[in-house]
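Working notes, structure below.
The values are calculated or read from the model by the stated rules, or taken from the named source; none is laboratory data. Note that the structure is predicted; figures quoted are calculated from it, not measured. Note that each Cβ is placed from the backbone with ideal geometry, even for glycine, and that neighbours are counted across all protein chains shown.
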């Protein structure tokens, strides 16, 4: 399914390139220009092709981002052309210059520029939850991070700086909900990031579950998943793979194997021996098992994976195809709260638009 969707994006990008070529030519086809280009049509074609060649070059060096950028620019341009057509129909006047094209370029710069900014600047997002259960304290503060994909938008030193921001909010618990590293992560950056996690001062520790990228897809890294787990453990980070720990005598942390793993335990198996009067927090990278999790009566499920929808048209595909139960934010089903974070970084796409941001999540849980 993923390859089919990406193939569709490639076809859309190719169609977008042809469309953009015709649009760039329109800058040179006003009545004043037509006479000038009469005997120089090849020059006009060459000039119009230059921006398209630049976009193709972008794809050569960065296929994923190149494809996404082309599709977005083409969609923006198509919308401005439709507006331009409506204006011409209403006013019954032919424009003196191709103003719709200038607006399309301006909007594309604003849209993509803001998307770059929101992907490379990490924000704090706060939630406040209440519970009837005794959590053994007045307030429990949980910090949730996911999808750091070390090396994508920041390296190990950058991760360390983000951990300094997290330390400043005085967390009781820090949870890392998958896709901590990626295929391009270096061993040096992985070690640096693990040390940064280990330096956090918390009340009840740091907990980690793996995501679909953490074990690697192409085996191009200079370390293994086992190496990373050993480094995490060395830095006092608890690795949970279908395991549960009890903290403060009142709170369970249930860490699930990623959905990409065939042998992961179901929610009933993970919770059948637990004391339901205690507060239960589930760490599950992919937001895909909401109904089963709600049926077991757990209190809070923390997920990542979606990157908040990331960028059009990626964001609309997850829920439409049934890959995700939710793309971003807080949702309640029965007595279970679900929080899906947009992640502290990105995977391959260097932009976040449509409301998605890079973030870490601060969750304050209080007894009602």
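Residues in the range 168-188 that are at pLDDT 95 or above and surrounded by fewer than 22 Cβ atoms within 10 Å (Cβ to Cβ): 168, 169, 170, 172, 186, 187, 188.
In the set 75, 67, only one residue is over 21 Å from the mean Cα position of the chain (by Cα) and in a helix (DSSP H, G or I); that residue is 75.
Being assigned to a loop (DSSP other than H, G, I, E, B) and within 21 Å of residue 256 (Cβ to Cβ): is that true of residue 298 here?
For residue 298, the condition - assigned to a loop (DSSP other than H, G, I, E, B) and within 21 Å of residue 256 (Cβ to Cβ) - is met.
Checking each residue in the range 130-167 for being within 17 Å of residue 247 (Cβ to Cβ) and either out of contact with any strand residue (DSSP E or B) (no Cβ under 7 Å at 6 or more places or on another chain) or surrounded by fewer than 21 Cβ atoms within 10 Å (Cβ to Cβ) (or both) picks out 131, 133, 134, 135, 136, 137, 138, 139, 141. Before we move on, is residue 126 out of contact with any helix residue (DSSP H, G or I) (no Cβ under 7 Å at 6 or more places or on another chain) and either within 16 Å of residue 363 (Cβ to Cβ) or not assigned by TED's automatic domain parsing to the domain that holds residue 283 (or both)? Here the answer is yes, as residue 126 does meet what is asked. Per the listing 90, 43, 47, the residue uniquely modelled with pLDDT of 90 or more, farther than 25 Å from residue 353 by Cα and over 36 Å from the mean Cα position of the chain (by Cα) is 90. I want to confirm something. Restricting to the range 93-106 and keeping residues that are assigned to a helix (DSSP H, G or I) and surrounded by fewer than 16 Cβ atoms within 10 Å (Cβ to Cβ), which single residue is modelled with the highest pLDDT? That would be 106. Here residue 109 fulfils each of the conditions (1) within 30 Å of residue 152 (Cβ to Cβ); (2) surrounded by fewer than 14 Cβ atoms within 10 Å (Cβ to Cβ); (3) touching a residue at least 12 places away in the same chain (Cβ under 8 Å) apart from (3). Residue 273 passes every criterion in (1) surrounded by 21 or more Cβ atoms within 10 Å (Cβ to Cβ); (2) part of a loop (DSSP other than H, G, I, E, B); (3) free of Cβ contacts under 8 Å to residues at least 60 places away in the same chain apart from (1). Residue count for the range 176-234, restricted to those that are over 27 Å from residue 281 (Cα atoms) and assigned to a loop (DSSP other than H, G, I, E, B): 12. In the range 160-182, the count of residues that are farther than 29 Å from residue 337 by Cα and touching a helix residue (DSSP H, G or I) at 6+ places or on another chain (Cβ under 6 Å) is one or more. Of all positions in the range 278-286, none carries a residue that is out of contact with any strand residue (DSSP E or B) (no Cβ under 7 Å at 6 or more places or on another chain) and either touching a residue at least 40 places away in the same chain (Cβ under 8 Å) or not in a helix (DSSP H, G or I) (or both).
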